[in-house]
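Report on the structure given below.
All of the numbers you see were taken from the coordinates with simple rules; none came from a lab. Model, not experiment: these values are computed from the prediction. With ideal geometry, Cβ positions are generated from the backbone for all residues, glycine too; neighbour counts draw on all protein chains shown.
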Amino acid sequence: MTLIVYSHPDCLAHKPPAGHPERPERLEAALAGIEQLDQPILRNAHPVAFTDLERVHGSNYLQSLRDLDTSGALLSLDPDTYLGRNSLQAARLAAGAVCEGVDQVMADPAHAVFAVVRPPGHHAESSQAMGFCLLNNIAIGAARAADVHGLDRIAVVDFDVHHGNGTEAILRDHARFLFLSSHQSPLYPGTGDPAKTRAGNVINATLTAHSGSDEFRALWTEHLLPAVDAFRPQMILVSAGFDGHWRDPLAQLQLKDQDYYWIGEQLMGLARKHASGRLVASLEGGYDLAAITESVLAFGEAIE
Ligand SMILES: [Zn+2]
């Protein structure tokens, strides 16, 4: 088995201010992990089509991104999300990578896909940039899987240490999707409380600060993986964030790179069981460069 990786050098050209954790070097660190895999197939992504964006994002929001993009100035869209020259192009490549991944696994389910891209996407809501995210890459890919490929059961799985609030807001109450997220709580963005989750197609599960491998694996084994299994997905999309790693500076979980191998193996097993192996992962968070390289390598080994 060989992993197919979509990325693009222009994803490096999105440049938040100096000192910002979501920096171009993250992508280089992730690709350094990919390079250690056994002969991955690397492909350049293409920018997402407007019709793919329109399924998920409001037209006024998309127009405002285009208007701001032409100004050339570095603009703050929320307290920690920036749009500068080349940012929209990077975001369009990131979302395009996931869409191409979806098409790829539909055409050839034998190879899983990993979109190794930035900026990340899972905090972006329909009409709002948020938490380093401009376009919701994974939701855009999920919507394409439903509308273009006609799938009725698409699981979107998010193991980033932060709650995927944007993905949940976009997918909730749409029965063709099941959204599952494990995240540290309390932590940014403050959403994803299981007790307050009302949508029947959303499952949130939380870990307290300083939880490690045992708690993470138990949560997935007892609550989240059985729900994916029962849903019998025709495709699994993965918001793959590696900021639950013990070295990560933005959160306090204690995960190790082996835990990312483990979750990748579990998800790949379910993809093979129900979805002929169709699995598309997309890079979300992860802010320690060495941890990103190790974690991407471990996760990649599990899905290759
Ligand atoms: Zn995160």
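Figures for the structure shown
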| item | result |
| --- | --- |
| Condition check for H20: over 17 Å from E125 (Cβ atoms), touching a Gly at 6+ places or on another chain (Cβ under 6 Å) and either not basic (K, R) or not in a loop (DSSP other than H, G, I, E, B) (or both) | no |
| Residues being surrounded by 17 or more Cβ atoms within 10 Å (Cβ to Cβ) and among the hydroxyl-bearing types (S, T, Y) - total across segment 217-240 | 1 |
| When residues of segment 210-259 are limited to those that are among the hydroxyl-bearing types (S, T, Y) and over 16 Å from H162 (Cβ atoms), the one nearest to the ligand (Cβ to nearest atom) | S213 |
| Among the residues listed as L68, L27, the single one being under 22 Å from A298 (Cα atoms) and either in contact (Cβ under 8 Å) with a residue 12 or more places away in the chain or part of a loop (DSSP other than H, G, I, E, B) (or both) | L27 |
| Output for segment 165-216, where each listed residue is of a type in the set (K, R) and over 22 Å from M130 (Cβ atoms) | R176 |
| Top-ranked residue of segment 105-126 - restricted to ones that are closer than 17 Å to G300 by Cα and outside any loop (DSSP other than H, G, I, E, B), ranked as farthest from the ligand (Cβ to nearest atom) | V105 |
| Residue in segment 34-49 that is part of a helix (DSSP H, G or I) and of a type in the set (V, I, T) present | yes |
| Members of segment 255-265 found to be buried (at least 19 other Cβ atoms within 10 Å of the Cβ) and farther than 16 Å from F114 by Cβ, listed by number | L255, K256, D259, W262 |
| Residues satisfying the stated conditions in segment 169-189, i.e. outside any strand (DSSP E or B) and touching a residue at least 24 places away in the same chain (Cβ under 8 Å) | A169, I170, L171, R172, D173, H174, A175, R176, L187, Y188, P189 |
